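Taken together, the values in this text are just the output of simple stated rules run on the coordinates, not laboratory data. Values in this document were obtained by computation on a predicted structure and should not be read as measured data. Counting neighbours? That spans all protein chains shown, and the Cβs are built from the backbone with ideal geometry, glycine included.
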Amino acid sequence: MLKEWYREFNLTAAYDTCDDELNKLVYQFRNHKLAGLRSFGKTLINWKDEIKNSFLVYDKRRISNGPIESVNNKIKTVIKTSNGIQSFNRLRNKIMYSINKDVPIKNK
């Protein structure tokens, strides 16, 4: 039940009003009989500012590092599958092409 409460909080909270709800959650987790949930309460305390910042909204969407993580994953995949390309410019071009497939190639 406590996990579902946290899940609901994470889905519905707003930046301006999340402090009180987060404090209630921390109290419930820190005073639970299971050690794992008490440990999670300590994690919530340690990451309180970051959790609160995750509710910031920009262009009607919550701010997330998901898009940049996707780009990083694409770059790592290109590097792994390049099989030792020795030309930095060629590797750079492969990375740029894989990230920006919808951008047309310009001839000089």
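General remarks:
- Note on region 29-80: residues that are closer than 30 Å to Tyr97 by Cα and among the basic types (Lys, Arg) amount to 6.
- Every residue from region 40-80 that is in contact (Cβ under 8 Å) with a residue 24 or more places away in the chain, touching a helix residue (DSSP H, G or I) at 6+ places or on another chain (Cβ under 9 Å) and β-branched (Val, Ile, Thr): Ile51, Val71, Ile75
- Selection count where residues are of a type in the set (A, V, I, L, M), assigned to a loop (DSSP other than H, G, I, E, B) and loosely packed, with under 13 Cβ neighbours inside 10 Å, scope region 21-66: 2
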